[in-house]
């Protein structure tokens, strides 16, 4: 609500409190909204800031964030493209609100339960028969991937629209799909203490969001405003659009008070397919390049008044805010040094850095995707380097959750400068960074269990950055390993795979390798929540350089996805193909046996479980699975032998 009696001196102090210049109208729009009573005429609860890269969207919404907190008593959260699912977005919001004394304790507790149950479901075979569903027994041992496809027929029909996938979907029977989903739910229910835990694992968004919404509403009752910012929304829209619409507009998860405001910020318009009938509820805030007056205002605020220098900056920057600001920071002290205005803005920026060591550091630090002090030192090749605080002060370096990164409008040209100047040095520098991330990853691995690497977000981040730099150093040589990791990422869910796909796209763009860029983009564009992993695995299997080991793993994981979706014939086909590549791959043998079990073909299941036990005789899950088949075949003594042995191995 509006403040009264602000003095002229206080007004001037607030105007000068930051270096933010320009966009006064856009700042005024948001401030005016916070000065209204929620629900009054002209009040908005949903904003969309949009414009081309470099137009200043992040700077503007950061300014909105600061002003909402400092002047209007708001608690805020800022989410960007580090999140790849609705669950991750809610976790990021809760963590940031917690730092402001407004934590969502019930949500945090339920989220911790979800992560624990998910880990149990992904790593543990179910040890006892589940309740029967429609007269058919559920498997005694089902290796459940909660991120896998518990698909409905609708989701599988969507798959048929992805090039190359129609043959897999045409054979899927809707009744099979429904029965498979029911059996998976029954199997999970038998594994966990309650039906609620099984539902949490199978449908985390549907279970977590009502708790998130309820506690967010409780926070909103205690503070004037809650403002949630979703930046770089062009990247996260595919996974957040539907969830946000349900949360903010449809009321699918409960009612939020009107003093919960959401700001979306990204390139381009919102997808009309997801927001079409809601667009009238959204206050659109378009951003273009600076007007000449705005650009001159910023330059004047930076002390640049020489007309020749001003004209050069306006010309080479195209009045794009991020470039105007960058050039203003490194202006030459002597106007005679302005030089040829035909240079690009980034080339001019580099020329105007007087210290050669600082110039080299700026270029080197463009190579990593993100920076902290350790990465800075690895990038510049000096373990004692102390220039990180100076680097962070540059206008195009964006702070992000304890790290920072270059604005892509500046980073892209810097990468092109280095790649063109010396491909050999480019490869050498990326190899040094890949080695640094590998060493950090290996150090972390010493503190983790062997099967816990992929569950650790810090490990995944280190592995992902190592892969990025390996691809940049030698794209074609590193591609087979990157494909294998992408298949492994499929094993750990949609959000994890989207991170790998995004990294492949980025590496392709940064090395000008179109095939790599297209691969990453294809992986991000395949399917919906219900079909994403099957479609992605199918895409990966078409890549010519995929190795036999990777192909075996891909068919095995896709077989599991089909099995969990109830598409048993498709699952058998995938398992058979995997075993044709490697007859001794125990995971595929066990998976095929479990598929036969679900099809009530117990003798075939026994044959595969026998082989699985032969390959891994000390695996409790294999013994429990075979014991359950013996029980179904009324071979009770053999069943007891296997069950007892399994209990001895894993009490």
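What follows is calculated from the coordinates using simple rules that are stated; it is not laboratory data. Because the structure is predicted, anything quoted here is derived from the model rather than measured. Cβ placement follows ideal geometry from the backbone for every residue including glycine, while neighbour counts extend to all protein chains displayed.
The C-alpha atoms of the stretch 206-246 occupy a region whose extents along the principal axes are 32, 24, 12 Å, arranged from largest to smallest.
Overall shape: oblate for the stretch 60-123, with the ratio a/c of the largest to smallest alpha carbon gyration tensor axis at 1.5 or above and b/c at least equal to a/b.
Okay, which of the stretch 248-287 sit inside 20 Å, backbone N to the point 7 Å along the Cα-Cβ direction of residue 223? Backbone N within reach: 248, 255-265. Out of every Cα-Cα pair that the stretch 501-648 contains, those further apart than 21 angstrom amount to 52 percent.
Stretching the chain fully between residue 249 and residue 277 yields a gain of 9.0 nm (0.36 nm per residue, less the alpha carbon separation).
Rg over Rh for the stretch 427-499 works out to 0.97, both radii taken from alpha-carbon positions and Rh defined as the Kirkwood radius. Each peptide in 305-316, 441-452, 345-356 receives the mean, over its residues, of other Cβ atoms within 10 Å, and ordering these scores from highest gives 345-356, 305-316, 441-452.
Please order 454, 590 by the number of other Cβ within 10 Å, starting at the fewest.
The order, fewest Cβ neighbours first, is 454, 590.
Multiplying the residue separation of residue 382 and residue 495 by 0.36 nm and subtracting their alpha-carbon distance yields 37.2 nm. Counting neighbouring beta carbons within 10 Å and listing from fewest to most, the residues 253, 596 come out as 253, 596. Panel note: the C-alpha atoms of the stretch 214-286, placed on their principal axes, show extents of 35, 23, 22 Å (largest first).
Answer rounded, prolate or oblate for the stretch 233-366, using the Cα gyration tensor with square roots of eigenvalues a ≥ b ≥ c: rounded when a/c is under 1.5, else prolate when a/b is larger than b/c, else oblate. Cα axes put the stretch 233-366 in the prolate bin.
Over every Cα atom in the stretch 292-424, the radius of gyration and the widest Cα-Cα span, Dmax, amount to 14.9, 44 Å.
Provide the FRET efficiency to the nearest 0.05 for the residue 569-residue 474 pair, computing r from the beta carbons and using R0 = 51 Å.
Computed FRET efficiency for residue 569 and residue 474: 0.80.
The calculated FRET efficiency for residue 308 paired with residue 35, based on their beta-carbon distance and R0 = 45 Å, is about 0.55.
Spacing of the modelled spin labels on residue 428 and residue 521, each 7 Å from Cα toward Cβ, amounts to 3.4 nm.
Determine the distance separating the Cα centre of the stretch 22-69 from the Cα centre of the stretch 416-441; give it in Å without decimals. Cα centroid to Cα centroid, the span is 40 Å.
Cα gyration tensor of the stretch 481-552, axes a ≥ b ≥ c as square roots of the eigenvalues: rounded (a/c below 1.5), prolate (a/b > b/c) or oblate? Because a/c hits 1.5 or more and a/b fails to exceed b/c, the stretch 481-552 counts as oblate.
Modelled this way, with points 7 Å down the Cα-to-C-beta line, the labels at residue 53 and residue 616 are 4.3 nm from one another. Taking label positions 7 Å along the Cα-Cβ direction at both residue 421 and residue 442, the computed distance is 3.0 nm, reported to one decimal.
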